[in-house]
2 protein chains.
Amino acid sequence: MDQKIIVTVDVVLLTLVGERLEVLLSRREREPFAEQWALPGGYVHAVEDADSLAAARRVLREKASLTSPYLEQLYTFSGATRDPRGWSASIAYYALVSADTLRPASPAPFELWPVDELPRLCFDHARIVDGALERLRGKSAYSSLPCYLLPPAFTLTELQQTYEHVLGQKLDKSAFRRKLADFDFLEVVKDAQRTGSHRPAQLYRIREEKNLMLFDRTI
Amino acid sequence: MDQKIIVTVDVVLLTLVGERLEVLLSRREREPFAEQWALPGGYVHAVEDADSLAAARRVLREKASLTSPYLEQLYTFSGATRDPRGWSASIAYYALVSADTLRPASPAPFELWPVDELPRLCFDHARIVDGALERLRGKSAYSSLPCYLLPPAFTLTELQQTYEHVLGQKLDKSAFRRKLADFDFLEVVKDAQRTGSHRPAQLYRIREEKNLMLFDRTI
DNA sequence: TTAGTTCGTGGCAAAGTGCAACTAATATTT
DNA sequence: AAATATTAGTTGCACTTTGCCACGAACTAA
């Protein structure tokens, strides 16, 4: 080994609050940059973490009490100058959760910030957030990724609006539903409807055997 | 820092030889696994490498005398058990080059192996190769990535065949050319034709201002 | 009952795609 | 010199997919 290298994981946890994507930030407890806003993260613990995914899960568990959101490796940001302590590599992950997942812990050591009104972030964390947004938006056009921003059961209109907010464009209702039917990764939740102020809407969920679906064309 | 962590870069260099994708492998010079086949790679040098991309470039320069191929970060493979020396993280990159780029250095410390007839590889390098192939194949369906498996100037038939070999399926000639025209990232090389045993073919190159193009639909 | 709103589906014109035939340009053969 | 073979590049057309809009269905509220 050439010299000691700092290895951390950082997690970009995204959720949809109303029409806006928000990201979970926490105040750093230690130097450098103590008290400033940063992504939840920390050193990889070689004794405790089997791999970097396990480290990311641990971070989410410790900082946001989350157990199993959608979690995917994003990119590794590295270099000599991104951390004042020395040459560092941050293995970045991004996580998607429904907004209500975060409600319970209210007096929490974290806050949700809209992605287009972020405070100044430590290190290169602003770039990491940008990378996560680019990945989310790019991948959402041809995958079922936005489902993970919703609770387990949702209506087709809710799903369409989620796609619209993530992609930043309106979609056609009938074309959207035709494609959902073609791709065939949802199933109706029997006898479950979203009952509101008007005609009730059928609830759907991701079919159990399907995980993230990649489509052969755009949604 | 919790404990010392090994940080390396490994590069999956892919090229198209005839109809088959091949990957560059080299024999390891040191323990562990000395003399066995592995991806070109090595420790990140904190003093020498500005970041992991620079480290990957250095590896390619040292092991394959390559200066500027298409080079993109793939994924970071990490964990306590993938390297017998301890907890390690390999920041993996993949590179694409045209076959003729590798011809010059003939008595070289590396060999090209067809991706579906690989020898036993060290560490988890077989998984890393799989990841690179998955990325290449996935991304090729909606991007100009396969261009980088060709020399700077090429005919449209050569480009179509490259797509076909990477994607593993035949494409329609007229639809393929219509889409190339729509996406508009190629330009004719004036007065340059591939002259063979029959009708000559116009040579094209990637338009200078365009880098990797992502299409809004499949090629 | 009636009006208002959202859910869900169907029709249709326009755009995109797959298939095959056609013309063009060259080398090779006769 | 003419005919043949082969690859390059284009065109026409049927078929599929998409975008747009409207309609009926189901519920709440007045």
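Which trypsin sites (Lys or Arg not before Pro) in region A:156-219 sit in a loop by DSSP (not H, G, I, E or B) and have at most 14 other Cβ atoms within 10 Å of their own Cβ?
Within region A:156-219, the qualifying trypsin sites (Lys or Arg not before Pro) (loop, at most 14 other Cβ atoms within 10 Å) are A:170, A:207, A:210, A:217.
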Review point. Taking the label point 7 Å from Cα in the Cβ direction, how far apart in nm is residue B:101 from each other copy of itself, listed shortest first?
Key: 3.9
Check your understanding: Using 7 Å Cα-to-Cβ label points, what is the residue B:111/residue B:171 separation (nm, one decimal)?
Key -> 3.3 nm
Revision key, fill the gap. In Å, the Kirkwood hydrodynamic radius from C-alpha pairs for region B:145-206 sits at 12.2 Å
Point to revise | Across the identical copies, how the residue A:80 labels are spaced - nm, sorted shortest first, 7 Å along Cα→Cβ | key: 3.4
Study note, to complete from the structure: Binned at 5 Å starting from 0, the alpha-carbon pair-distance distribution of chain B in whole percents comes out as 1, 6, 14, 17, 18, 14, 11, 8, 5, 3, 1, 0, 0, 0
**Study point:** Length released on extending from residue B:181 to residue B:207, taking residue separation times 0.36 nm less the Cα-Cα span
**Key:** 8.1 nm
Practice item. Using a 1.4 Å probe and ignoring any ligands, DNA or RNA, find the accessible area of residue B:45 and quote it in Å² to the nearest 10. Key: 50 Å²
Review point. In terms of Cα to Cα distance under 19 Å, which aspartates and glutamates are near enough to residue B:63, apart from those fewer than 8 places away along the same chain?
Key: A:2, B:10, B:22, B:29, B:31, B:35, B:48, B:49, B:51, B:72, B:100, B:111
Review point. If you put +1 on each Lys and Arg Cβ and -1 on each Asp and Glu Cβ, how big is the dipole of the protein assembly as shown around its Cα centre, in Debye rounded to 20?
Key: 820 debye
Point to revise | Accessible surface buried once A binds B (1.4 Å probe; total of both sides; Å²) | key: 2400 Å²
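With every protein chain left in place, what is the accessible area per residue of the protein assembly as shown in square angstrom, probe 1.4 Å?
On a per-residue basis, 51 Å².
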Exercise for review: Starting from a label point 7 Å past Cα on the Cβ side, list the distances from residue B:216 to the same position in the other copies, nm, shortest first.
Suggested key: 2.2
Point to revise | Whichever lysines have a C-alpha closer than 20 Å to that of residue A:4, once near sequence neighbours (fewer than 8 apart) are set aside | key: B:4
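The values are calculated or read from the model by the stated rules, or taken from the named source; none is laboratory data. No experiment lies behind these values; they were computed from the predicted model shown. Methodologically, a virtual Cβ is constructed for each residue, glycine included, from the backbone with ideal geometry; neighbour enumeration extends over all protein chains shown. Surface accessibility is based on the protein's heavy atoms, side chains included, excluding ligands, DNA and RNA. Shrake-Rupley method; radii C 1.70, N 1.55, O 1.52, S 1.80 Å.
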